[in-house]
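Input: a single structure, listed below in structure tokens.
The values are calculated or read from the model by the stated rules, or taken from the named source; none is laboratory data. In this text, all values refer to a predicted model and were calculated from it rather than measured experimentally. Every residue, glycine among them, receives a Cβ derived from its backbone with ideal geometry; neighbour counts consider all protein chains shown. To get the accessible areas, we keep the full protein, side chains included, count just its heavy atoms, and leave off ligands, DNA and RNA. Shrake-Rupley method; radii C 1.70, N 1.55, O 1.52, S 1.80 Å.
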Amino acid sequence: MRSLPRRKLKNLHAEAAQFQRRAFVGFVAIAVAMLGLAAGYFRLQVLEHEEYQLRSEANRIKPRPIVPARGLITDRNGRLLADNVPAYRLEIVAEQVRDLDATLAGLAELVALDQEDIARFREARRATRAFRPVPLKLRLSEAELARLAVNRHRFPGVEVVPYLTRRYPYGELFAHIIGYVGRVDADDLAAMGDSRNTALTHIGKAGIERYYEDRLRGEIGYEEVETNVEGRALGVLRRIPAKPGADLQLTVDARLQQAMVDAFEGQHGAAVALDPKTGEILAMVSLPAYDPNLFINGISHRDWQALQAPSRPLFNRNVLGGAPPGSTIKPFMALAALEAGTRTPEQRTFSSGEFFLPGQARGYRDWRPGGHGWVDLNESLAQSVNSYYFQLAVELGVDRLDVFFERLGFGQPTGIDLAGEVSGVRPSRAWKRRAFNQNWYPGDTVNAAIGQGYWVTSPLQLARATAMLADGGVMRRPHLLRASQAGFNQPMTLEPQPGGVQVIGNAAHLAAVNAGLESVMHGPTGTARATAAGSTYRMAGKTGTTQRVSRRGTERLDPKQLPYHLRHQAWFIGFAPVEAPTIAVVVLVEHGGSGSTAAAPVARRILDAWILPPAEEPAP
């Protein structure tokens, strides 16, 4: 019988010691972990308390910018030219969206989104910080609002935001004066500078909206909104109200503006009417025009292409354009001679139909074959006698003419409160040397005498000079802003303007020139006497025709026989009533052919609309 192996007895002492070691290690580990946990709590609760408290509050309290209401724009009689109407826009906060492409695709099923909307959104997102909302679509329809409300839970980071959007009740009528607002882009944000302005969605892009952007915009406000874990607003904890933009009252009259457009009867061109006593622009049009409402929320490609027509509806002919003034420069030429003392009103010049410079075979012709005979200053204006001014210019010389026309503001901006005004060209020796590196010739002086050659004058420059004739030789700055109101409960404050400058001090010289302009309209030989027929008031004016093609040899051009695009430009300048002028007007009819038959009738209708009793109000 085999014996069983003996079982080894446990060493209880050793096991107890091993247990004690393991227990100590475990205790130390637990103690270290507890100390680490305590240190972590201390760091969170004490050392970094403020930071995490701010983060917690940021998760609970969302700052929301309050965009101020843009200032209203009215005409001189309080008619609304630009106002604000309620609308809703769709915004996305990029950092709250997990899959932006999927979100955009889902939203496209609920609202009408095209590629232009998405492209503008992506461009704006690149220029904006991820935590700021970026507009995706403006002017949501009621059906789109309803669909978004039902599906709100599917789109975290997407919000429907109420706002006020711009509206131009008169559409095309004031397009080149009011301009328009458009969506803010990266360049706009960089120009504005202040980071608070990133909440703006629109900014003035043209016209008064652009020139007075700082006043119309107002100041951004903020409110702190308490939200729940789903991001839904529970209430407003604190509010810093926005400061609305200032309301602007312009100098223009909507009734006269409509009459001015109607006076053109579909022709293209430009016109300016102003108050000679103040420099206030009463009406100003550039035709054809465009509807500024198209630009507010981003113009479509199709609409933009339609505005690229050869007739250039976006081009403001009064501010950006210019043309040789033709015979409308003659009153100022006569005034220059009187001021210089080289002529008197009674001194006569013989017009044989052609003028020759000494030693030259080329002749400079009058518009009437055979000439006008002996004419003084009055008849030279009434009949628009070229030879009189050819001789006058030779006597004066280009240098004295340059100094005089600089005094009258030609070749320099008028200072009107619209951006981008051109200077035009006042021909002189220095200008020709700069422009062409060529000498000045006597023939250049002869051409300049009748507003041809190198002259480029804007309708605004002619309007300012014409108003000077009507206001006793005082030159004033044309302007559009009449008054502003900084707040709802604030008074309307008149806009200060620089004082007029007396550029002609001899009243007799002005009286002689103005008498000639009155003869243009009411004299038996006046070139515009047909236009003034039947008028119940006296008016003064001057017609002008600018050739777009030169004659060949002795050939005379009949503007009515030329192709439309080569027909002469038709000008008219004038003021009324003669005894106490309240309006000065300049009209340019593109391709009109003749100032007396195209531009003067337009001016007569404008003058009648201002001076005679008003008819119906223009409907916005």
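Brief remarks on what is shown
- Taking each residue of segment 260-275 that is farther than 18 Å from residue 323 by Cα and looking for partners that are open to solvent by 50 Å² or more (accessible area, probe 1.4 Å) with beta-carbon atoms closer than 6 Å, six or more apart or interchain, yields 263/605.
- From the list 604, 551, the one residue that fits, being closer than 26 Å to residue 380 by Cβ and modelled with pLDDT of 95 or more, is 604.
- Scan segment 323-350 for residues that are over 17 Å from residue 403 (Cα atoms), open to solvent by less than 60 Å² (accessible area, probe 1.4 Å) and either in a strand (DSSP E or B) or in contact with a strand residue (DSSP E or B) (Cβ under 6 Å, 6 or more places away or on another chain) (or both) and the total you get is 7.
- Flag if residue 123 is at pLDDT 85 or above, among the acidic types (Asp, Glu) and assigned to a helix (DSSP H, G or I): no
- So residue 458, is it over 18 Å from residue 318 (Cα atoms) and under 24 Å from the mean Cα position of the chain (by Cα): no
- Residues considered: 316, 386. Of these, the only one that is of a type outside the set (Lys, Arg) and over 15 Å from residue 516 (Cα atoms) is 316.
- Strands (runs of 3 or more DSSP E) (entirely within segment 230-275) containing at least 1 residues that are closer than 25 Å to residue 203 by Cα, open to solvent by 10 Å² or more (accessible area, probe 1.4 Å) and at pLDDT below 85: 233-240
- Once segment 354-373 is narrowed to residues that are out of contact with any Asp or Glu (no Cβ under 6 Å at 6 or more places or on another chain) and among the basic types (Lys, Arg), the residue that is nearest to residue 393 (Cα to Cα) is 362.
- Checked against (1) among the hydrophobic types (A, V, I, L, M, F, W, C); (2) under 24 Å from residue 396 (Cα atoms); (3) open to solvent by 40 Å² or more (accessible area, probe 1.4 Å); (4) without any contact (Cβ under 8 Å) to a residue 60 or more places away in the chain, residue 456 passes all but condition (4).
- Residue 366 being of a type in the set (D, E, K, R) and open to solvent by 10 Å² or more (accessible area, probe 1.4 Å): no
- Identity of the residue in segment 37-66, open to solvent by less than 60 Å² (accessible area, probe 1.4 Å) and of a type outside the set (D, E, K, R), that ends up modelled with the highest pLDDT: 38
- Residue in segment 484-502 that is of a type in the set (D, E, K, R) and part of a loop (DSSP other than H, G, I, E, B) present: yes
- Verdict on residue 433 being more than 23 Å from residue 595 (Cα to Cα), assigned to a helix (DSSP H, G or I), open to solvent by 10 Å² or more (accessible area, probe 1.4 Å) and not acidic (Asp, Glu): yes
- The set of residues in segment 374-383 being open to solvent by 10 Å² or more (accessible area, probe 1.4 Å) and either assigned to a helix (DSSP H, G or I) or out of contact with any strand residue (DSSP E or B) (no Cβ under 7 Å at 6 or more places or on another chain) (or both) consists of 376, 378, 379.
- Filter result for residue 367 (of a type in the set (Phe, Trp, Tyr), under 21 Å from residue 344 (Cβ atoms) and outside any helix (DSSP H, G or I)): no
- From the list 327, 311, the lone residue that is touching a Ser or Thr at 6+ places or on another chain (Cβ under 8 Å) and polar (S, T, N, Q) is 327.
- When 353, 420 are checked against the criterion of being modelled with pLDDT under 95, open to solvent by less than 20 Å² (accessible area, probe 1.4 Å) and of a type outside the set (Phe, Trp, Tyr), a single residue qualifies: 353.
- Number of positions in segment 289-312 that are modelled with pLDDT of 95 or more and assigned to a loop (DSSP other than H, G, I, E, B): 3
- Here segment 126-155 is the region considered, the condition is being within 16 Å of residue 165 (Cβ to Cβ) and part of a loop (DSSP other than H, G, I, E, B), and the residue that is most open to solvent (accessible area, probe 1.4 Å) is 139.
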